[in-house]
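The values are calculated or read from the model by the stated rules, or taken from the named source; none is laboratory data. Predicted model only: the values in this text are computed from it and were never measured. Neighbour counts are summed over all protein chains in view; Cβ atoms, including those assigned to glycine, are modelled from backbone coordinates with ideal geometry. Just the protein is used for accessible areas: all its heavy atoms, side chains included, with ligands, DNA and RNA removed. Shrake-Rupley method; radii C 1.70, N 1.55, O 1.52, S 1.80 Å.
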Amino acid sequence: MSNVVKEPRTVVRKFLARPQHEGVGATVRRSIGRFELKYFDPFLVLDEFSVSAPAGFPDHPHRGFETVTYMLQGAVTHEDFEGHKGTIEAGDLQWMTAGRGIVHSEMPAAQGTQKGLQLWINLSSKYKMIEPRYQEITSKDITEAAKDGIKVRIIAGEALGIKSPIYTRTPTMYLDFTLNPGAQIQQPIPVSWNAFVYILEGEGIFGNSRSLPITAHNLLLLGGSGDGLEAWNKSSKSLRFILIGGEPLGEPVVQFGPFVMNSQAEIDQTIEDYENCTNGFEKARHWKSESTTVFGY
């Protein structure tokens, strides 16, 4: 991938992700997955979450997509009916492929407020019923690069000539940029991919140097034409934002809560499988997470 951007993409839409309740007592700022933007192929949901014990996300199922959890502050303990358990701390990443079915919980593992991002990435029809799998990377093992006042954590894809080891079944880039005051970035994006920016801290100018600055918690959809992103930090404070892009699947999407398939018949079958603990949900029959017991859900 060339590091030269010849035709920067413009911001075609922006909106503020406002807080809403999710899980049990948790708060999320949902941008993708709201009524204003139900789906941005291949992305189903983007949540910036904030949770303090005993609130959290107790036992719940998934099928047909991947969840990517990136911790910004604090820690969350994850466990599932396959016996997998671990704690994701600040800067850590968990890339979970739910595939044919998983039931898991995500609960606070530290005092105070735990914050992070969770992205749902759709799977193509040929991968929706694969066996679940995980990729977990601690903060110290996430690839980083720095140049000219720019730091980037390369969660998936490539930036500044450095590639991430994460395997993305749906081709995806996920980059965490921090720009010092006065810094400017050009980041290539494959021309056929959909892409967006989510601002975490500070304020930045995106797509056109004459545009007005945009502040934290805003989602920016980038235009479909163009080969990359250009961004500037003209403020006196650091700018931190996530750039995410993915190859569109171009397939029908039928979603029922935590289940995402290609047809209503497949959703009906998924509900039946989950209720009867069959076809991938067998272990749900007798499983409860430790957090369910501790917090009394």
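Using a cut-off of 12 Å between beta-carbons, work out the net charge of the residues near residue 21 (Lys and Arg +1, Asp and Glu -1, residue 21 not included). Mind showing how you got there, number by number?
Details: positive: 18, 29, 30; negative: 22, 47.
Local net charge: +1.
Please compute the contact order of region 139-266 in relative form: average sequence separation of alpha-carbon pairs under 8 Å and at least six residues apart, divided by the residue count, as a percent. Mind showing how you got there, number by number?
Numbers: 290 pairs, mean separation 32.9, N = 128.
Once divided by the residue count of region 139-266, the mean separation gives 26 percent.
GNM, the chain, Cα, under 10 Å: largest mean-square fluctuation among 12, 260, 152?
Between 12, 260, 152, it is 12 that shows the largest mean-square fluctuation.
Hey, any idea what the orientation-averaged projected area of the convex hull of region 153-201's Cα atoms comes to, in nm²? Numbers along the way, then the final one.
On the way: hull surface 16.5 nm².
Result: a mean projected hull area of 4.1 nm².
Using only alpha-carbon positions, what ratio does the radius of gyration of the chain give when scaled by 2.2 N^0.38 Å? The partial results should precede the final answer.
Values: Rg = 19.0 Å, N = 297, 2.2 N^0.38 = 19.1 Å.
The value comes to 0.99.
Summing +1 for each Lys or Arg and -1 for each Asp or Glu, what net charge is found among the other residues whose Cβ lies under 10 Å from the Cβ of residue 95?
0
Return the single residue from 95, 287, 120 with maximal mean-square fluctuation; model: Gaussian network over the chain, springs between Cα atoms under 10 Å.
Of 95, 287, 120, the most mobile in the Gaussian network model is 287.
Please compute the per residue accessible area over the chain with all protein chains in place, 1.4 Å probe, rounded to a whole number of Å². Each step should come with its number before you reach the end.
On the way: 12710 Å² over 297 residues.
So the chain comes to 43 Å² accessible per residue, rounded to a whole number.
Which one, 186, 116, 160, is farthest towards the positive end of the dipole of region 114-190 when Lys and Arg carry +1 and Asp and Glu -1 on their Cβ?
116
Give, as a single signed number, the net charge of other residues whose beta carbon lies under 11 Å from the beta carbon of residue 120, with Lys and Arg counted +1 and Asp and Glu -1. Walk me through the numbers before you get to the answer.
Values: positive: 30; negative: 47, 66.
Counting the neighbours of residue 120, the net charge comes to -1.
Quick check on region 104-186: take the gyration tensor over C-alpha atoms, sort the square-rooted eigenvalues as a ≥ b ≥ c, and tell me if it's rounded (a/c under 1.5), prolate or oblate. Can you show the working numbers first?
Details: a/c = 2.38, a/b = 1.35, b/c = 1.76.
It is oblate, given that a/c is not under 1.5 and a/b is not larger than b/c.
Give the residues of region 96-137 whose amide nitrogen is closer than 17 Å to a point set 7 Å from the Cα of residue 269 in the direction of its Cβ.
Only 99-102, 123-132 pass the distance filter.
Which one of 61, 15, 73 is farthest out on the positive end of the charge dipole of the chain, using unit charges on Cβ (Lys, Arg +1; Asp, Glu -1) and the Cα centre as origin?
My answer, from the dipole projection, is 15.
At a threshold of 8 angstrom on Cα-Cα distance, excluding pairs fewer than six apart, so keeping six or more, what relative contact order does the chain reach in percent?
Numbers: 793 pairs, mean separation 63.0, N = 297.
This gives 21 percent for the chain.
GNM on the chain, C-alpha springs below 10 Å: top fluctuator among 23, 250, 91?
Largest GNM mean-square fluctuation: 250.
Rounded to the nearest 10 degrees, what's the angle between the helix 264-276 long axis and the longest principal axis of the chain, both from Cα atoms, 0 to 90?
Value to nearest ten degrees: 50.
Can you figure out the FRET efficiency of residue 180 with residue 84, using R₀ = 45 Å and their beta-carbon distance, to the nearest 0.05?
For residue 180 and residue 84, the calculated efficiency is 0.70.
Give me the accessible area of residue 129, 1.4 Å probe, in Å² rounded to the nearest 10.
80
Given labels modelled 7 Å from the Cα in the Cβ direction, how far is it in nm from residue 145 to residue 14?
For the pair residue 145/residue 14, the computed spacing is 2.6 nm.
Could you state how much accessible area residue 103 has, in square angstrom rounded to the nearest 10, with a 1.4 Å probe and all protein chains kept in place?
Its accessible surface works out to 10 Å², give or take rounding.
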